[in-house]
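The values are calculated or read from the model by the stated rules, or taken from the named source; none is laboratory data. What you see is a predicted model; the values in this text were computed from it and never measured. Don't worry about glycine lacking a Cβ; one is built from the backbone with ideal geometry, like all the others, and counts go over all protein chains shown.
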C-alpha cells in the first residue's frame, strides 16, 4: 500500500508505530496516542509537556511556522511553551542566505512567544528538494496541571477559534501567488498572505483554559478542522455533531479553495483552536476570547455514540463528517 502525502493513516499508526515504542518508563504519564499531539513526563513536583512536528509543505515562512505550530501543540495542554530544539534539513546547494532566513524567522517567532531555542541540528541533505524543519518544544507546569485532547465529554459544546484553513490559505497565497494572480485580485492575496499572523493559538489556549470548565483542546493541523475534530473525538472516545453553517471560513480562504477545487474544512488549519467545554460554560469562554479580539464560535457538540460523526449541512441534511485521507494542501500543491 502506497502511503498518501502527509500524516500516515491512523490504522498504520496504531498497528505499527505504537507497537514499537522502546522501553517502558514510569515517568511517561501520557504517551503516544491517536489525536494527542504531545507527551507528558513526570518530573516529581512538575509535569513536562513535550511535542514535535515537522514543517514540510511550506517554503517561504517555514521557520516561522515550525515554531508556532509546535508551540500550539504544547499550548493545547493548557501549558505555556518554553524551550525549543530544532532540526533544519536544507536542500542540496542551499546557501547561507537560506540558513539566515529560516533562523531569523525562528528567532522572531520564539521571542514573540517567550520560547528559548536551546539546541538542535542543521545540515544540507542530499536528495532533498525543499527545506524541512522539525521542532521539539517543551513546557513545564505544576504536577498534573494540564489537559489533553482526549478529555472531551458527551454534551460538551465544540468551540472553534478564528476560522478554517488558516495555515493552508497562507501557504497557498505565498507559494502559489503567481498562479493565483491570474484569477484572484492582488488585494485578496495580500490579505491571505497576512494569515501568517493568525497562526499561533497559544493565547487562545491559555485564555480558554483559565476561563471556565474546558475539558479538552486540540489544534487542527493536517486534515484541517474536519480532521482535527475527528482526532479529538477519537482520543476522547465520543461522537460529534458539527453544524457546517456555524464554521467560519474567511473570504480569502473560500476564494483560494474554490480556485483549487478543495475543501476549506480539510485544509491544514493551524491558527484555529478546537475547544471542548462544558455546555453551560461555552458562552463564557466565547465571550472571554472575543474580549481579547479572538473570534470564537460554537460549531457543534460532542455526543455519546462514538460512531456518530455528523456534519449538518446548510439545508439541514446530515452527512458524515469527512475524514481526510490526505490534507487538501497536497492536492493544491501538486497542481
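Miscellaneous remarks
- Tally of residues being out of contact with any helix residue (DSSP H, G or I) (no Cβ under 7 Å at 6 or more places or on another chain) and either at pLDDT 95 or above or under 21 Å from residue 8 (Cβ atoms) (or both) across region 204-233: 5
So that you can scan it fast, the table gives a plain yes or no per residue for (1) in contact with a helix residue (DSSP H, G or I) (Cβ under 7 Å, 6 or more places away or on another chain); (2) on the phi > 0 side of the Ramachandran plot; (3) assigned to a strand (DSSP E or B):
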site: 21; (1), (2), (3): no, no, no
site: 50; (1), (2), (3): no, no, yes
site: 64; (1), (2), (3): yes, no, no
site: 68; (1), (2), (3): yes, no, no
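- Any hit, region 88-104, residues being touching a residue at least 60 places away in the same chain (Cβ under 8 Å) and either under 30 Å from residue 236 (Cβ atoms) or touching a helix residue (DSSP H, G or I) at 6+ places or on another chain (Cβ under 9 Å) (or both): no
- Filter pass, residue 74 being under 15 Å from residue 40 (Cα atoms), in contact with a strand residue (DSSP E or B) (Cβ under 7 Å, 6 or more places away or on another chain) and not in a loop (DSSP other than H, G, I, E, B): yes
- Residue 298 vs. criteria crowded, with 18+ Cβ neighbours inside 10 Å, closer than 22 Å to residue 195 by Cβ and in contact with a strand residue (DSSP E or B) (Cβ under 7 Å, 6 or more places away or on another chain): no
- Residue check: residue 182 meets all listed conditions (1) outside the structural domain of residue 78 (by TED's automatic domain parsing); (2) within 16 Å of the chain's Cα centre (by Cα) but one, namely (2).
- Qualifying residues in region 193-208 (those that are in contact with a strand residue (DSSP E or B) (Cβ under 7 Å, 6 or more places away or on another chain) and assigned to a helix (DSSP H, G or I)) - the one surrounded by the fewest Cβ atoms within 10 Å (Cβ to Cβ): 204
- When region 141-171 is filtered for residues that are in a strand (DSSP E or B) and surrounded by fewer than 15 Cβ atoms within 10 Å (Cβ to Cβ), only 142 remains.
- Residue 82 more than 19 Å from residue 168 (Cα to Cα), touching a helix residue (DSSP H, G or I) at 6+ places or on another chain (Cβ under 9 Å), at pLDDT 95 or above and surrounded by fewer than 24 Cβ atoms within 10 Å (Cβ to Cβ): yes
- Only residues that are in contact (Cβ under 8 Å) with a residue 40 or more places away in the chain and either surrounded by fewer than 18 Cβ atoms within 10 Å (Cβ to Cβ) or not assigned by TED's automatic domain parsing to the domain that holds residue 80 (or both) were counted across region 118-131, and they come to 1.
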